[in-house]
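For reference, the structure discussed in these notes is given below.
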Amino acid sequence: MGALHDLRLAALADAPEAFSTTLAQAERRSEAEWQAVAEQGARGDRQCTVAADDARRLVGMVTVYLPEPAAPPDTIPSLIQMQVDPAVRRSGVGTQLVRAVLVWAAERGASAVRLQVNASDPRPIGLYEVLGFRDTGRREPLFPERGVLAMEMEARADA
């Protein structure tokens, strides 16, 4: 079905607690649904999806969006999706992807970028901390039906 499909399924199989969609739900998506997901990430000035490949396949992607059309720096973009193929983790792909969205946000005048991450998963928390994200102290249910608690983190957009 395509590169996005393959990357998403690999990420869901490896870290199901990190995503709202389950592996079973993603496997049931049609080709048209996958195409719509890809197109949504490529549209508009309020959302940006950055992808990384290794010349053979998609190995990572991240999406950031401005939740409302307020004048930055009042509106802080949210990093809403981060996926890196488990086979290339710890190779710098995630770092490059997050740095790209920090630049995107800074270019739009935003002062910071926020994200929510599974509060009990040290792997992504460690990556985000290295990139300048700090725990804001806010916690809320990420996926209440699964008992997953979200930690909010924030970094300067020009980090």
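Numerical summary
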| item | result |
| --- | --- |
| Failed item in (1) without any contact (Cβ under 8 Å) to a residue 40 or more places away in the chain; (2) farther than 18 Å from C48 by Cβ; (3) surrounded by 15 or more Cβ atoms within 10 Å (Cβ to Cβ); (4) among the β-branched types (V, I, T), with V98 passing the rest | (2) |
| Failed item in (1) within 16 Å of L66 (Cβ to Cβ); (2) of a type outside the set (S, T, N, Q); (3) touching a residue at least 60 places away in the same chain (Cβ under 8 Å), with R146 passing the rest | (1) |
| Filter pass, A38 being modelled with pLDDT under 80 and not charged (D, E, K, R) | yes |
| Failed item in (1) surrounded by fewer than 16 Cβ atoms within 10 Å (Cβ to Cβ); (2) within 12 Å of the chain's Cα centre (by Cα), with M82 passing the rest | (1) |
| Those residues of region 91-134 which are assigned to a loop (DSSP other than H, G, I, E, B) and over 18 Å from L58 (Cβ atoms), in sequence order | R108, G109, A110, S111, A119, S120, D121, L131, G132, F133 |
| All positions within region 133-156 that are in contact with a helix residue (DSSP H, G or I) (Cβ under 9 Å, 6 or more places away or on another chain), surrounded by 18 or more Cβ atoms within 10 Å (Cβ to Cβ) and modelled with pLDDT of 90 or more | F133, M151, M153, A155 |
| Where R57 falls short, out of the listed (1) out of contact with any helix residue (DSSP H, G or I) (no Cβ under 7 Å at 6 or more places or on another chain); (2) over 20 Å from T21 (Cβ atoms); (3) surrounded by fewer than 18 Cβ atoms within 10 Å (Cβ to Cβ) | (1) |
| Selected residue [of a type in the set (A, V, I, L, M, F, W, C), farther than 28 Å from A55 by Cα and over 15 Å from the mean Cα position of the chain (by Cα)] from V88, V148, V113 | V148 |
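The values are calculated or read from the model by the stated rules, or taken from the named source; none is laboratory data. Not measured: the values here are computed from a predicted model. We place every Cβ from the backbone using ideal geometry, glycine too, and count neighbours over all the protein chains shown.
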